[in-house]
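Heads up: the structure comes next, in structure tokens.
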Amino acid sequence: MSRALVMGASGNVGACVTRHLAARGDDVRVLLRKTSSTKGIDGLDVQRCYGDIFDAEAVAAAMADRDVVYYCVVDVRAELRDPAPLFRTNVEGLRQVLDIAVGTGLKRFVFLSTIGTIAVDTNGETVDEDTPFNWADRAGSYIESRRQAEQLVLSYARERGLPAVVLNVSNPYGPPDWQPRQGIFVQLAALGRLPCYVRGVGAEVVGIDDAAQAMLLAAERGRVGERYIVSDRFMTQREMVTVAAEAVGAKPPRFGIPVAVVAAVGRIVETIGALTGREVLITSTSVRLLRMTSPADHSKATRELGWTPRPTEESIRRAAEFYVARRQVR
């Protein structure tokens, strides 16, 4: 049993990590803002502390007497026109937390990173943690903020003795997902509201519970200063939405639209957003991120952490059932 602190427990992965820790009987503390949603952890026997990553006193108090910190705080709004909030949270807020963490005697600092900081191969070849990053000129501000965050954590491991381990988690699916972002297409397919899919695109995917389990294993077995890809496999968008629809008896979308059409729509919506001063979800950057993926090799996590993911199809089916059940009780 460990004494764990989860930072970012209101998020999808952070909440799942908290549930797994509580289920095995660990002494679990979470640091939350008072305005954060707690749907993912309600009912759990965990200690709640309040504050945010910019409140040094709250962070230090929450981290006191802990063995492991699971850092799952991230601003994922890749669509923002002004990237300043991304760098403020993902980099500068993290830096303040790391400065506190180096003096607390932690056994592990497990950092939730993203598959987006891993290289891509335009020919569809498999990449791994050592493949040189090769798409900085196309990645946009969100990925750049995550790359800087990851590099910051690794620098603290090298230069300041922080026992940090980085997990490059791919797109997670599974219930409960109260505010779907990656899961939006799965949700729409399950509810019968997705008339088409985007042809020729896909993503590395993983079950949310398997991602959380990898985080726990990294705390026990991860090598300090190392990165681990946490992903089951590459799935096309058509595969994902078909699995989701069929799981709940919905009609899966039968035709695909070219990604070039979606990119054109993204540019139009982005222009409208700029003219009206509103943030929009579909932008040229978000479409580009949809395209910049390739298969990734998780064998290092299997070899060193003992992590073996289950087929993500199982998690997508359970997510689809959750979305339908949630609609029915409203």
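Compared with the alpha-carbon gap, the fully stretched path from ILE257 to PHE54 is longer by 68.7 nm at 0.36 nm per residue.
Can you pull out the chymotrypsin sites (Phe, Trp or Tyr not before Pro) in region 23-86 that DSSP calls coil and that have at most 13 other Cβ atoms within 10 Å? List each step's numbers first, then the result.
Working: sites: TYR50, PHE54, TYR70, TYR71; in loops: PHE54.
Passing both the DSSP loop test and the Cβ count: PHE54.
Put a plus charge on the Cβ of each Lys and Arg, a minus charge on the Cβ of each Asp and Glu, and nothing anywhere else: the dipole of region 175-318 about its Cα centre is then about 420 debye. Between ARG310 and ARG3, full extension at 0.36 nm per residue minus the direct alpha carbon distance yields a gain of 107.8 nm.
Of all DSSP bridge pairs formed entirely within the chain, close to 10 percent run antiparallel.
By the scheme Lys and Arg +1, Asp and Glu -1, what is the net charge of all other residues having a beta-carbon under 12 Å from that of ALA164? If you can, show how the numbers build up before the last one.
Details: positive: LYS107, ARG108, ARG158, ARG160, ARG223, ARG227; negative: GLU150, GLU159, GLU226.
Net local charge, ALA164 excluded: +3.
Helices that extend 24 Å or more along their long axis by alpha-carbon positions and average at least 0.5 on the Kyte-Doolittle scale are, among the DSSP H runs of the chain, 259-276. Computed about the Cα centre, the dipole magnitude for the chain is approximately 840 debye when only Lys and Arg (+1) and Asp and Glu (-1) carry charge, each at its Cβ. Peptide packing for 309-321, 57-69 was compared via the average number of neighbouring C-beta atoms within 10 Å per residue; ordered from the highest value, the list is 309-321, 57-69. In percent, rounded to a whole number, the relative contact order of the chain is 19, using alpha-carbon pairs under 8 Å and six or more apart.
Hey, could you get me the Stokes-Einstein D for region 81-178, Kirkwood radius over alpha-carbon pairs, 10 °C and 1.306 mPa s, rounded to whole µm² s⁻¹?
Numbers: Rh = 14.9 Å.
The Stokes-Einstein estimate is 106 µm²/s.
Every read-out reported here was derived from the displayed coordinates using simple, explicitly stated rules and does not represent laboratory data. Note that the coordinates shown come from a computational prediction; the quantities given were computed from them, not determined experimentally. Positions of Cβ are generated from backbone atoms using ideal geometry, with glycine treated the same way; all protein chains shown enter the neighbour counts.
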